[in-house]
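The values are calculated or read from the model by the stated rules, or taken from the named source; none is laboratory data. Model, not experiment: these values are computed from the prediction. Reconstructed Cβ throughout: ideal geometry from the backbone, glycine too, with neighbour counts over all protein chains shown.
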């Protein structure tokens with residue numbers, strides 16, 4: 001005898017709710033470690049916009065943090081990533097259903113995502129990756145949404161907006177969305193160019209940083225190169241390929257090496 005649908009989905013829903021509740025309980029709170037604390041400090045100081053588009057900048061995340069801090073204070077800001085687990089679970093649920101999963105399997109997919117180490121650990125910190133994941137998964141979900149209200153041009157423009165928002169949150173966007181864009185190019189050919197104005201709109205939170213860099217004499221290609229790799233022909237700064245995880249003897253925390261990781 002097949003179980004009642006409400007009964008079969010009850011346990012996955014309980015597991016998902018318990019996982020999200022556990023994230024709130026495990027949150028590091030207002031006191032954070034290393035670069036997580038820097039995100040909170042920037043929000044406290046009211047730095048709404050990045051002043052330069054360097055490799056360690058996350059313009060949209062910085063803007064969201066500062067606004068959230070102004071409205072709700074430091075304690076709520078430290079719990080922001082735990083709050084983001086709710087829309088993340090919903091997005092995974094919708095994506096799973098779009099790909100053919102039933103309600104129970106879709107809820108389990110959301111619970112498994114929330115409980116994944118890389119997701120759950122980040123949700124307890126002031127970190128950039130969870131917000132970035134939301135935009136990336138939304139872009140994939142939008143592509144596989146078969147709603148008749150979404151014409152191809154509307155869908156492409158909205159995917160472009162989400163790409164811009166993701167790119168102004170983290171540079172990994174251009175890696176993790178590459179398969180999606182190859183798929184879009186195969187389906188829509190030249191029409192995929194409609195994503196470009198959408199991208200510019202989504203990337204608007206980085207406009208101040210881009211204009212500041214242009215005023216220093218940098219060209220757009222050099223700005224993009226510096227943002228993506230840290231390398232610049234005119235500005236000295238950390239290069240991600242050399243700074244992604246570097247232990248230095250000059251910085252120490254107690255007796256242990258102090259690890260510097262770029263985002």
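Among the residues of the range 29-41, how many are in contact with a helix residue (DSSP H, G or I) (Cβ under 8 Å, 6 or more places away or on another chain) and crowded, with 17+ Cβ neighbours inside 10 Å? Give the steps one after another, and end with the answer.
Within the range 29-41, the first condition is being in contact with a helix residue (DSSP H, G or I) (Cβ under 8 Å, 6 or more places away or on another chain), and the residues that meet it are 29-32, 39-40.
Narrowing the set further to residues that are crowded, with 17+ Cβ neighbours inside 10 Å leaves 32, 39-40.
Summing the residues that are in contact with a helix residue (DSSP H, G or I) (Cβ under 8 Å, 6 or more places away or on another chain) and crowded, with 17+ Cβ neighbours inside 10 Å in the range 29-41 gives 3.
Go through the range 171-223 and tell me which helices (runs of 4 or more DSSP H), entirely inside it, have 2 or more residues that are not assigned by TED's automatic domain parsing to the domain that holds residue 56.
207-215
Applying the selection to the range 42-63, what residues are surrounded by fewer than 22 Cβ atoms within 10 Å (Cβ to Cβ) and part of a helix (DSSP H, G or I)?
Correct list: 42, 44, 63.
If you take the residues of the range 29-41 that are free of Cβ contacts under 8 Å to residues at least 12 places away in the same chain and assigned to a helix (DSSP H, G or I), which of them is nearest to residue 224 (Cα to Cα)?
38
Among the listed residues 66, 82, identify the single one that is part of a helix (DSSP H, G or I) and in contact (Cβ under 8 Å) with a residue 60 or more places away in the chain.
Working: 66 fails: in contact (Cβ under 8 Å) with a residue 60 or more places away in the chain.
Answer to the selection: 82.
Take residues that are in contact with a helix residue (DSSP H, G or I) (Cβ under 9 Å, 6 or more places away or on another chain) and farther than 26 Å from residue 182 by Cα and tell me which of the helices (runs of 4 or more DSSP H) falling wholly in the range 103-164 contain 1 or more.
On the way: elements: 103-115, 117-123, 129-143.
It comes to 103-115, 117-123.
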